[in-house]
Each structure stands twice: as structure tokens, then as C-alpha cells.
Amino acid sequence: NLTDKLDKAFHILKGHGKITDVNVADTLKEVRRALLDADVNFKIAKDFTTRVKEKAIGENVLTTLQPGQLMVKIVKDELTELMGGEVSGVNLSGNPSIILMSGLQGSGKTTFSGKLANFLKTKKSKKPLLVACDIYRPAAINQLHVVGEQIGVEVYSEPENKNAVEIAQNAIKHAKANGFNVVIVDTAGRLAVDEEMMNEIANVHAAIQPQETLFVVDSMTGQDAVNTAKAFNDRLNFDGVVLTKLDGDTRGGAAISIKSVVNKPIKFIGTGEKMDAIDVFYPDRMADRILGMGDVVSLVERAQAQYDEEEARKLQKKIAKNEFGFDDFLNQIQQIKKMGSMKDLVGMIPGAGKALKDVEINDDAFKHVEAIIQSMTPKERSKPSIIDVKRKQRIAKGSGRKIEEVNQLMKQFDQMSKMMKMMQGGAGKNLMKMMGG
Ligand code: GDP
Ligand code: MG
């Protein structure tokens, strides 16, 4: 994993106060090796380390007070630059704006079409129409309909029609006649690049002239992702890249190489199978993530989006009056669960990603806790101090958990109440600030 390798590379620099020419060179060699191992193209990796070295010399890294940190900063800035520097949005200028998906089968086009429709609907107040132009597999049309239903977005399809160009054109007519202002065209992919697929998508592209042609690629495919990107770009001259499946064992390499090879920005990333697992691509955050600093800003943003202000105020009052009970505890757990999968979140906390790498965290971890709380009476929940040994035994029996587990939960609850009391004043936000350091 690239992050681990870079961690190792920076170890010498971070740990000791003294830096010499020799260990800067060593570190850069390690950085280059780490990039190569993560499927970054050889020339890109070599140019990268050359630039970092020049900058390091230019900024007199060796004579500064904290040379290690400065080196990390230089590497981070260069990585950010390599991945595109600025954030680039999606072009929604047309009426309707037409967005065409391209990419191999299994890359995540259909899933991402749904995610993008949902994103534009909820975040940009757009009225999107999804179009099923994968005409080879009836299951593919069905899949898009299922996705559309999930997010409440209409899906246009013509199951009997075997002409993708016609379907796309008809869909746009339908959109114009019915007030849809974004048309997202999902297309068929093959398992590998072939002429027939390229011709078909090129024909659709020429016929509907999309404002935005997105190339969707599975980030797990490494160097292959770069080759596929090149093939599609040669034919379609696409506008942007979508990196999917970045929730798995992150291969930062694809993000780095693709931008360099096709010189098109990465616009979005997919981070899971669910419809809300979509993020705008921020080059600097990705650089942080690759360098193992954790994506704190994303974490805070996601948390804030889910955190209901009103709820926060109520909670604060309760804490102040010592009325924080198990129902609130349960509520908090549900809030955390809403934020996304636990693994995702933990990975974003600086340092935690590494520390907890081998610990299996799953969303079921809370199940037992919830069962125990549900076995408490309302009175016990609102006033946990009344829970004595006898009550504990009853609760354990009712929830099918061991008495030790009930004890542990009581202890955790106690600690959490104390912590919350300590952080009084803007409870939720302060919590997030603390996490962000
Ligand atoms: P298509 O053939 O290009 O339309 O690909 P699909 O949208 O059908 O996706 C192929 C598989 O990848 C499906 O099982 C999706 O659930 C899964 N998938 C798509 N995007 C993501 C992602 O960001 N993360 C994960 N973990 N799975 C994804
Ligand atoms: Mg599909």
C-alpha cells in the first residue's frame, strides 16, 4: 500500500532532527519506489522525485528548523499538483445538460450514473433523467431502473430498441418535453477495450454532443486503468475522470498517473456501493490521504452534513442538566452510523488508519449495544444511575447478552457522559474540532 511505503520513506526525515544530503536522497529513492509500486508510471515517478529534490534544494530544506515537515509539505504539494491542483466541477451549461458515461464493463458506470443523478438532485436541485443505453444485457436496463427507483429519479429506456444512438436521442427529446434539465446517459461497456464498443460510444457521443463526457474507471485496476483511460480519451476526448471503488485497498497510483497521462481532471470518486458514496475529487485531500495524514476535512464535512443542529442543541441542554441518558446514547450511535461505514470514517482520522489497519471494524459492532439498550425500561434509559445489579441481570437476560457486556456498556456510557460534559458548548462541533486537532 502506497501510504505505508511513503510512511516508511518519511520515517528517517520525520523522526530525527538532523537531515543530511544522504538521507534526503535515500528518502526520495523510497518515495520513487513507493510510487512505482502503486502503479505510477516510471517517467512520472522519476520526474516527480526530481521536482521534489529541486524544490527541497531551493527551499534549503537542510537548514530549516523542521526539515522533515517541510519535506512532507513539498511532497504533498507536488502530489496535489500532479493530480490536477484545483477542484474541477461538472459542466452543467446546457439545457438540458447532457452527461455521457464511458468506461469498461464493471467499472461502475451504472452505479455512478445513479450516484451522480442523486448528487445533482439533492445538492444542486436539478431534475435529472437517467437513460439506459446498455442495450446488450436486459439485466443492465433493469439495474438502472432499480437504481432510479432507489433515488426517485426517472429512467428512460427502450427495451426493444437495439440502437443506442436512437435511444439517446429519443431520451433527450423526452427530457426537453418533460422539463428535465440534466440527462445522464449510461452506456454499455465490454470487459476489455474493443473496436465495436468504441465505435458505438463514439457514435452516441457524436450524435448527442454531451457537455460532459465522463470516463469511469475502477481504481483497483492500477496501471491498466491508465491504459484504458488513454484508449477512451483517444476516441472520445473526454472531459473528466471518475475513480470508483476507492473504498477498497486504495490505489492512489491510478489517480496520480491518469491525470498525467491523459491530462484530464479527476472530477469525482466513488467510495462504496450505496447511492450516497460519491465525493467530489479534491487533489489536495487525496494527496493527504496518500501520505497518510487522513482526510480530516472530508470527515468533518460529512459529519456536519449529517449532524442536525436542532438535535445538537437539545443534546447540549441535556448534558448541561445531567439528563443525558441511554436513549440519547442510542441516538448518537444512529448518528454515527448515518455518517457512513465505520471503516471509511476511521480511515479518515489521521493516524488511526494505520493504527487500526488490522482491526476488523464492522457496522454490526453496535448491534449488541443496541440490543442491551433496547432491553432497558424507559426509566432506566433516562436515569441510568438506577440500574443496579438486579436490573443488570434482567437486562442481560432480556437482550441475550452476558452480564459482563452490560457492565462494560455501563462503563462506556459513564465515560462518554463525562467526556460530553467536558466538551460542553457546541457539543457536536467541538467534538469534530477535537477530532480534527
Ligand atoms: P458498469 O458495468 O460499469 O455499469 O458497473 P456497475 O455500476 O454495474 O458496477 C459494477 C460493480 O461494482 C457493482 O457490483 C457495483 O455495486 C460495484 N461498485 C460500483 N462503484 C463502486 C464503488 O465506488 N465502490 C464499491 N465498493 N463498489 C462499487
Ligand atoms: Mg452498467
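Observations on the model:
- Checked against the criterion of being closer than 15 Å to LEU130 by Cβ and among the polar types (S, T, N, Q), the stretch 179-196 contains one or more residues that satisfy it.
- Put simply, of ILE167, ILE151 the only residue that is surrounded by 14 or more Cβ atoms within 10 Å (Cβ to Cβ), more than 30 Å from LEU246 (Cα to Cα) and either away from ligand 1 (no atom under 16 Å from the Cβ) or assigned by TED's automatic domain parsing to the domain that holds THR111 (or both) is ILE167.
- Verdict on VAL165 being in contact (Cβ under 8 Å) with a residue 40 or more places away in the chain, in a helix (DSSP H, G or I) and more than 25 Å from the chain's Cα centre (by Cα): yes
- Of the residues in the stretch 153-161, at least one is within 16 Å of ligand 2 (Cβ to nearest atom), at pLDDT 95 or above and either farther than 28 Å from VAL193 by Cα or assigned to a helix (DSSP H, G or I) (or both).
- Count of the stretch 91-107 residues which are more than 9 Å from ligand 1 (Cβ to nearest atom), under 19 Å from GLU195 (Cα atoms) and not polar (S, T, N, Q): 1
- Looking only at residues of the stretch 165-176 that are touching a helix residue (DSSP H, G or I) at 6+ places or on another chain (Cβ under 7 Å) and under 19 Å from LYS109 (Cβ atoms), we find that the one that is farthest from ligand 2 (Cβ to nearest atom) is ILE172.
- Restricting attention to the stretch 273-303 and to residues that are in a loop (DSSP other than H, G, I, E, B) and at pLDDT 70 or above, the residue that is nearest to GLY152 (Cα to Cα) turns out to be MET275.
- Filter pass, ASP234 being over 19 Å from ILE184 (Cβ atoms) and at pLDDT below 90: no
- Selection count, the stretch 108-144, where residues are within 16 Å of ligand 1 (Cβ to nearest atom) and either part of a loop (DSSP other than H, G, I, E, B) or surrounded by 15 or more Cβ atoms within 10 Å (Cβ to Cβ) (or both): 24
- Yes/no for GLY189 being more than 13 Å from ligand 1 (Cβ to nearest atom) and of a type outside the set (Phe, Trp, Tyr): no
- Any hit, the stretch 177-198, residues being within 16 Å of ligand 2 (Cβ to nearest atom) and in a helix (DSSP H, G or I): yes
- The one condition from (1) farther than 21 Å from ASN237 by Cβ; (2) at pLDDT 95 or above that TYR136 does not meet is (2).
- Looking only at the stretch 209-230, and only at residues there that are more than 13 Å from ligand 1 (Cβ to nearest atom) and surrounded by fewer than 22 Cβ atoms within 10 Å (Cβ to Cβ), the one that is nearest to the chain's Cα centre (by Cα): GLY222
- Qualifying positions in the stretch 396-420 - within 30 Å of ALA320 (Cα to Cα) and among the hydroxyl-bearing types (Ser, Thr, Tyr): SER417
- Scanning the stretch 92-108 for residues that are closer than 17 Å to PHE119 by Cβ and not polar (S, T, N, Q) returns LEU92, PRO96, ILE98, ILE99, LEU100, MET101, GLY108.
The values are calculated or read from the model by the stated rules, or taken from the named source; none is laboratory data. Given the structure is predicted, the values throughout are model-derived calculations rather than measurements. We place every Cβ from the backbone using ideal geometry, glycine too, and count neighbours over all the protein chains shown.
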